[in-house]
1. If you stretched the chain out fully between residue 248 and residue 112, how much longer would it get, using 0.36 nm times the residue separation minus the C-alpha to C-alpha distance?
2. With springs only between Cα atoms under 10 Å, which of 56, 149, 139 fluctuates most in a Gaussian network model of the chain?
3. Taking the beta-carbon count within 10 Å as an exposure proxy, list 192, 32, 165 from fewest neighbours to most.
4. Report the calculated FRET efficiency for residue 23 and residue 212 (r = Cβ-Cβ distance, R0 = 51 Å), to the nearest 0.05.
5. Exposure proxy check: 60, 98 ranked by fewest other beta carbons within 10 Å?
6. Order by neighbour count: 136, 42, fewest other Cβ atoms within 10 Å first, most last.
7. Take the alpha carbon gyration tensor of the chain, find the square roots of its eigenvalues, order them as a ≥ b ≥ c, and report rounded if a/c is under 1.5; if not, report prolate when a/b exceeds b/c, else oblate.
8. Could you identify which residue out of 35, 44, 240 has the top mean-square fluctuation in a GNM of the chain using Cα springs shorter than 10 Å?
């Protein structure tokens, strides 16, 4: 990509999603939210706000992990295809994949459906997906809420909140990462549930009319329709990660690769380290298609999408790599070494092959 393309307004912002705006909004929110920790001093939090999930210390060495997330605009793909039976899997996945990052075993989830209408068939399909996601995540769906708010929502929105348990001395926020550690990537199943606004507008078109026309278009490079590719459920990593923890494999960090791409590694508690992604996996065809048709820069692609890596574990040495590889094969998940950790004055992620640097949640190109 040329420098002019690199410095122009991002494609994601043009599609209607402002990462900078979200950061500014969060700052305003946290100004008032962070001080609330003192209101529950008998049940302190074990992590900072901003990590993938948090843990409440309930005493006796026990912790309750919790988090919340939704499926975002992926629900629009379901609407375009009139197919809602997998979107519940995404909702479970986005929650449990965050929860396991702190080393917790997910236990149960509640769902929230905001809607402008109720339809027995559609809600039954959503329930089917939630149940399938619960099976893969080994959790129960213990309750939920349906809110008919036509004045606010046009269609359906799906959000979840999940809890789990972890011993306080086992809470993992990446503080034990050291230079020389190995970074292992676990393959994603596709786009997952991030960046769908940009992906949808590039592949299907800007208008609803264009999207309805193109969603069922067969794409030779993908071997299926564009809609089927974008609706592919988010992979759930609970079973392999739990098996790794139960096998006493020393996982220095567990990182869910969502919006922000590899820069999610910067959420870990340890500072003064650099994550060098010098062996990234082959980019799946869907991302190549998005980049080519949308003329999206490398920096923005790796900031918005997972680019084929849905989850990362950081380990100490080659023995752990062998054990992790064997566990992943058991669950038909491709895993590979994608980089290493170096000493650094700041906390950052680099992709040398593309001259990319990630600090915070932002990825930029350097010369």
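Derivation of every value follows stated rules applied to the coordinates shown; laboratory data play no part. Note that this is a predicted model, so its numbers are computed, not measured. Neighbour counts run over all protein chains shown; Cβ positions are idealised from the backbone, glycine included.
1. My answer for the length gained is 45.4 nm.
2. 149
3. Arranged by neighbour count, lowest to highest, 192, 32, 165 become 32, 165, 192.
4. It comes out at approximately 0.95.
5. 60, 98
6. Neighbour counts put them in this order, fewest first: 42, 136.
7. Values: a/c = 1.43, a/b = 1.11, b/c = 1.29.
Rounded shape, in that the Cα axes give a/c under 1.5.
8. Comparing 35, 44, 240 in a Gaussian network model of the chain, the most mobile one is 35.
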